[in-house]
Amino acid sequence: MDRVEGGLEKFRIFRKDDFEADWIKVTERSFGQVYRVKVKLWREKCALKSFNTTLTGTSLYRRMIEEASKMEKVTFKYIVSIYGVCNDPPSMVMEYMSNGSLDRLLTSHVLMWPKKFQMIHEVTMGMNFLHSMNPPLLHLNLKPSNILLDDHLHIKISDFGLIKWEEAGNKKEFIENLTARGNIFYIPPETFTLCPEHPGTKFDVYSFSIVMWEILTQKRPYQAGKRSSTTTVLMKVSSGRRPGLENIPDDKPQECEQMVTIMQQCWDQDPRERPDFSDTVRKTEALSDILGIGGCSNGDKTHKPDYTMLSPIFRRKSTCSLANPPDTSNTRDDILNSLSRKD
Ligand code: ATP
Ligand code: MG
């Protein structure tokens, strides 16, 4: 493993033999593969995201690697850590997230409302962190498959900053790059206009609103896969249509109304009307607290143990008190099994 000068810090370049031989393929995609590997020296599992070899050698690929080395310096609880890059195979080496991605969890398990609110708030915290950097780090690829879940089903945002407007050469390529990744739902309407401006933070705010809708409804927007092609979604969104609120389950708590208001502000047709994450994060914090996990809003400032890892098994609690704390020895499988599986 080499350390190479890169600005103020040094970043790591891994070699193939820095990893144990047993690589486990997590996914195979047209853009590349994700493997679970173990770093010999650290004795720790990592994820290795490799890029398709047709990309390697291109300026796009070189910039991706450059960006990855900058991201190594971004460390925050709700952001996936980047450990370095590997030249063979060309890839990024990052924190391994044992519970996969949010898109899979949303289709496989029924989440309870406190957990939904907590996840929304955690995404807001991660995005607020990226946008509060100087200059703001734009994600431009925020979607449930880039929201990963740790051992305790807390979220971390992944694959930020890899898509660049300037890289694409022109707007058409930028949109094509995103749509080829199945991202049409997360692209704000102003991107489809004849002369779109350079995307800013409000691009991500829009993508977040669709992620919020997916967490609240546990459905895919615009009846994906049934009767919506890329062009129909593009036309609907450009004319101001958004995913339907009738898909939010009826058993919602009354606080859901405020969540919906935030979501609607975030998907406003006019990007200037969309709130910054620094504003939204305070609101999602309050709402998440009210539902009783991830904190108590009853004025009791004493430290409480964190039982949020078990939150999926709780229905809404009437008070914040955990008089009989659950046995925290549950394994990750127990936690997942305790969620209701979708048929
Ligand atoms: P994009 O390239 O636009 O980000 P994507 O998110 O659908 O598209 P990948 O980033 O290649 O595709 O990830 C595919 C899947 O691999 C994720 O949905 C997730 O299940 C898994 N994955 C990705 N990164 C990690 C990681 N760090 N730890 C564990 N699993 C991961
Ligand atoms: Mg991804």
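The values are calculated or read from the model by the stated rules, or taken from the named source; none is laboratory data. No experiment lies behind these values; they were computed from the predicted model shown. We place every Cβ from the backbone using ideal geometry, glycine too, and count neighbours over all the protein chains shown. Quick note on the areas: whole protein, heavy atoms, side chains included, nothing else; ligands and nucleic acids left out. Shrake-Rupley method; radii C 1.70, N 1.55, O 1.52, S 1.80 Å.
Details
- Neighbours by Cβ (under 7 Å, 6+ apart or cross-chain): first from the stretch 113-124, within 14 Å of Met263 (Cα to Cα) and at pLDDT 95 or above; second among the charged types (D, E, K, R) and assigned to a helix (DSSP H, G or I): His121/Glu285
- Filter result for Gly200 (at pLDDT below 95 and within 16 Å of ligand 1 (Cβ to nearest atom)): no
- Pairs are defined by a Cβ separation below 6 Å, a sequence spacing of at least 6 or placement on different chains, a first member in the stretch 242-260 that is acidic (Asp, Glu), and a second member that is open to solvent by less than 100 Å² (accessible area, probe 1.4 Å) and in a loop (DSSP other than H, G, I, E, B); no pair meets this definition.
- Residues of the stretch 110-130 that are more than 15 Å from Leu216 (Cβ to Cβ) and open to solvent by 10 Å² or more (accessible area, probe 1.4 Å): Met125, Asn128, Phe129.
- Any hit, the stretch 184-197, residues being of a type in the set (A, V, I, L, M) and within 26 Å of Gln118 (Cβ to Cβ): no
- Leading residue by the ranking (least open to solvent (accessible area, probe 1.4 Å)) among those in the stretch 224-278 that are basic (Lys, Arg) and within 22 Å of the chain's Cα centre (by Cα): Arg274
- The residue that is farthest from the chain's Cα centre (by Cα), among those in the stretch 19-29 that are of a type outside the set (Val, Ile, Thr) and open to solvent by less than 90 Å² (accessible area, probe 1.4 Å), is Glu20.
- The numbered conditions (1) within 16 Å of ligand 2 (Cβ to nearest atom); (2) part of a helix (DSSP H, G or I); (3) farther than 30 Å from Asp251 by Cβ are all true for Phe129 except (1).
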